[in-house]
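Bear in mind that the values in this text are calculations on the coordinates, not laboratory data. Remember, it's a predicted structure, so these values are computed and weren't measured experimentally. Heads up, the Cβs are rebuilt from the backbone with ideal geometry, glycines too, and the neighbour counts pull from every protein chain shown.
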Amino acid sequence: MTPQADLGIFAISVAAGLIGALAGVGGGILVIPALTFGFGVDIHLAVGASIVSIIATSSGAAAAYVRDRMTDMRVGMFLELATTTGAVCGALLAAVVAPVFLFVLLGVVLLGSAAMQVARMGEETPPADPPSALARRLRLESSYPDRHLGREVPYSARRIPLGFVLMWIAGVVSGLLGIGSGVLKVLAMDGVMRLPMKVSSATSNFMIGVTAAASAGIYLARGDVDPQIAAPVALGVLAGALAGSRLLHHVSNRTVRLVFLPVLVAVGLETIGRGLGFGL
Amino acid sequence: MTPERFRAVVSAVLVIGVGISAALIGIGFVAALAIGWQGSLAGTAPATAATTDFSNLPARLAALEPAAIVQLGLLALLATPVARVAASVVGFTLEHDRLYTAITLAVLLILLTSIFVLR
């Protein structure tokens, strides 16, 4: 890599970390095309770098989110049970299932969810209904400090069994297809379990590092993680994620949704494109 | 352990993991810009292995190869989420929350299995 290319990769990665920290995603959707199309990096090395980028976004942003009670650790750990088992199943299934159909199906689901996100754009916080018996039992009810609204916002998880199943599917999909794990997590927490958008984003951020770490060993062993590319990506993403995690406090839930929506649409289109054989 | 203290500990684990990895990746990257990816700060024979090769790391670290320093930093970065889950197991245990101790322990075991067994 030339110094100009290093600088370019670093700059793109700062943006990926910033957007990823705000939207609760890993930034692979930005990092992979930028590396392959922008800098001629081999696709395998680009995917390896994106795994590094996901873990850097997650750990960089989660340090602040956990401390400041933006991440719901119980929701995160409970759902990680679903995503990690799902990811293992997905990795095992990858050998038997032809993913073409799955790519298209997932893409359609993501674009459909984008329409739902638009419909929900006016809502700042989900309606505060009393917690269900299951939410109380699993202690999936809490509150977070919202500096934008200037108050503590209480919430409780709804439709927990459905959310858990969707998270398991999110794990299977990311194990099988290697993409979309962040957007699916945000969609399940925000759309199904009706957690506030910022909590969904911060908790997704907390979780994606674990999902990515589970498969990182495979990429390392395959020789897909190249320090020449991963170093500027990791440093840039960390810087961006640290900045993004400062920013989340001060923006509204609506703004977070506005950042999340284009990421969702991009991942949806990219997924369909891959299923139909063009794209990356 | 109070919930505040628990959060502080998990947050500290993440800060330490990110700090160590950023320092190592940064030092290795700057060194590589200065002497090249195949160089050695210890002045020994230049590295012959590809930068994607993570094997033989201790010897290459002893030779202060920039690529090896970045690789150690990347390994520290990849280990950070695992350390975070392990810290959560301890935290939930100290909170006497049996349900979440069990859940977190299960996640840790699945995670370690997928890292070390499924490849």
| message | Past the 15 angstrom mark, what percentage of all C-alpha to C-alpha distances in segment A:18-91 do you count? | response | 64 percent
| note | With only helices counted (DSSP H, runs n ≥ 4, each -39500 (n - 2.57)), the per-residue ellipticity at 222 nm for chain B, to the nearest 500, works out to -25500 deg cm²/dmol
| request: Return the Cα extents of chain A along principal axes one, two and three, sorted largest first, each rounded to a whole Å. | output: 55, 41, 32
| query | Looking only at segment A:181-212, which residues have a backbone nitrogen under 12 Å from a spot 7 Å from the Cα of A:Leu134 in the C-beta direction? | reply | A:193
| message | If amide hydrogens are placed 1.01 Å from N in the peptide plane, which non-local residues have theirs closer than 5 Å to the one on A:Val41? | response | A:Thr36
| remark: Mean shadow area (nm²) of the C-alpha convex hull around chain B is 8.5 nm²
| task | Find how much the distance from B:Ala23 to B:Ser55 grows on full extension, using 0.36 nm per residue of separation minus their present alpha carbon separation; answer in nm with one decimal. | result | 9.4 nm
| query | So between A:Cys89 and A:His44, what do we pick up on full extension, going 0.36 nm a residue minus the alpha carbon distance? | reply | 14.0 nm
| message | Per DSSP helix of 4 or more residues, -39500 (n - 2.57); summed, then divided by the residues of chain A. What does that give at 222 nm, rounded to the nearest 500? | response | -23500 deg cm²/dmol
